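Chemist: The structure is given below, and queries will be raised subsequently.
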Amino acid sequence: MIKTLLPREPVARALTFSTMALAASNGVFYAVSVLYFTRVVGLSATTVGLGLGIAGGAGVLGSFLAGRWADRLGAHRLQWWGVAVQGAALGAYTLATGPWTFVAAAVVAVGARGVHGTARQALIARWFTGPDRVEVRARLRVVMNVFIGLGTLLAATALAVDTAAAYRTAMAVVAVLLLLAVVPVCRLPRRVPDLAEQMVGRRRAGHDEAGTCGTWDDPGVHPLRDRRYVASVAANSVIAVQFGVLTVGIPLWVASTAAPPVIVSGLLVVNTVLVAMLQVRASRGTHDVRRAGRSVRRGSVLLAAACVLYAAAGYGNVLVACALLVVAAVAHSLAETLAEAGAWGMAFELADPRRAGEYQGLTQTGIALATMAAPVVVTLLPVRYGTPGWLALAAVFLLAGAAAAAVARMPAPVAASTVRG
């Protein structure tokens, strides 16, 4: 845990400190945003949902475009600009007075979040090599989970006071924390002199060292033409729908079982603790593509088992339902660690290193699309149709996991690994 929270490597340390502030802000935002928009700004739940749906489209677009920008401008620059713009947009929420100002701020905030996510992945892909890339990503995931929890606890003060002023203050804290997240990464070029050189694609001789102009010396393969990579993104994006199961599906599903609603909080705690404890261990060895594919497939099997257990919880009494939900949450959490570790390994190692930003941008675009689709899929299948819906979702996960493992066994059309520079 010390190595996770205080890494010695300067780039990993900067990313960790930035993630701490970013995750804490997310925790506060998740806890108070809906109440702020409905009670303080006066928006209807339908307006909030529609606005966030539109903003989700901006997030998809930002994730995709940021790949090219990262290769041209430098992933490190793009990352801190993305966080800074996101912080400014979330600060604008405190000035929102109606649906139009809310939607405008949401579009900028979510679009900037997509840009930041791609830039961070591109930075990791370009700076670290082999197993270090997946390990750093896994440790950042642990930090993210822990500090989202701490941010949620911080938001409890606003929820306890339950006034418009308290909610406005909480939203201001969200913006301040995001702006603090900029500081560690914007200072990186001074602390790591050769960072900027590694963050852009190779250019023709004679152009400036910053890499802000010129053309590619060897452009490599465009990710949309790399069928193996596109197939990998598609399979792993389907698996990523599982995040919506825990955050959207389970709270709604528990209401139809004999279990008390309070168990939802317990299930989220189980997930947070297990991911924090096991994510780094689960990522070991997934820099090997075939092993990464097997990790995704094993995760999909556990996800399918979790779906069956969630469905079974609808048929028991209070004790049986609670026990089945807890076991399902454990299986779900283990599946999450395995599937995520495998997905990172495939995303990094199958990419053409000459277009690291664009490849990671395609991966982040897939995740953004999965995030948008998850609430619809979860409410359409398990929540609406019950057991048949859970079984259908389990089958989808199994097929996606099998597809990911099959992609991992395919021969690589381009070199999948590289060293710095």
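The values are calculated or read from the model by the stated rules, or taken from the named source; none is laboratory data. Keep in mind it's a predicted model, so treat the numbers as computed, not measured. In this analysis, Cβ positions are derived from the backbone assuming ideal geometry, glycine residues included, and neighbour counts consider all displayed protein chains.
Chemist: Determine if the range 36-53 includes at least one residue that is among the polar types (S, T, N, Q) and surrounded by 18 or more Cβ atoms within 10 Å (Cβ to Cβ).
Modeler: no
Chemist: Moving on. Would you check if there is a residue in the range 330-352 being at pLDDT 95 or above, farther than 30 Å from Arg126 by Cα and surrounded by fewer than 24 Cβ atoms within 10 Å (Cβ to Cβ)?
Modeler: Taking every residue of the range 330-352 in turn, at least one turns out to be at pLDDT 95 or above, farther than 30 Å from Arg126 by Cα and surrounded by fewer than 24 Cβ atoms within 10 Å (Cβ to Cβ).
Chemist: Output yes when any residue across the range 75-93 is more than 20 Å from Leu180 (Cα to Cα), in contact with a helix residue (DSSP H, G or I) (Cβ under 8 Å, 6 or more places away or on another chain), in a helix (DSSP H, G or I) and outside the structural domain of Pro353 (by TED's automatic domain parsing), and no when none is.
Modeler: no
Chemist: Another question about this same structure. Within the range 64-72, does at least one residue satisfy the condition of being crowded, with 24+ Cβ neighbours inside 10 Å, in contact (Cβ under 8 Å) with a residue 24 or more places away in the chain, in contact with a helix residue (DSSP H, G or I) (Cβ under 9 Å, 6 or more places away or on another chain) and closer than 23 Å to Leu43 by Cβ?
Modeler: no
Quick grid of which residues meet (1) outside any helix (DSSP H, G or I); (2) in contact (Cβ under 8 Å) with a residue 40 or more places away in the chain; (3) touching a Leu at 6+ places or on another chain (Cβ under 8 Å):
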| position | (1), (2), (3) |
| --- | --- |
| Leu246 | no, yes, yes |
| Pro251 | no, no, no |
| Ser256 | yes, yes, no |
| Val270 | no, yes, no |
| Leu278 | no, yes, yes |
| Arg290 | no, yes, no |
| Arg294 | no, yes, no |
| Gly299 | no, yes, yes |
| Leu302 | no, no, yes |
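Chemist: A further question follows. Take Gly316 and tell me if it is in the same structural domain as Arg227 (by TED's automatic domain parsing), buried (at least 24 other Cβ atoms within 10 Å of the Cβ) and either over 28 Å from Ser256 (Cα atoms) or not aliphatic (A, V, I, L, M) (or both). Walk me through it before giving the result.
Modeler: Values: in the same structural domain as Arg227 (by TED's automatic domain parsing): yes; buried (at least 24 other Cβ atoms within 10 Å of the Cβ): no; either over 28 Å from Ser256 (Cα atoms) or not aliphatic (A, V, I, L, M) (or both): yes.
No.
Chemist: Filter the range 111-140 for residues that are out of contact with any Phe, Trp or Tyr (no Cβ under 9 Å at 6 or more places or on another chain), touching a residue at least 60 places away in the same chain (Cβ under 8 Å) and either crowded, with 24+ Cβ neighbours inside 10 Å or in the same structural domain as Leu338 (by TED's automatic domain parsing) (or both) and give the result.
Modeler: Matches in the range 111-140: Arg120, Leu123, Arg126, Trp127.
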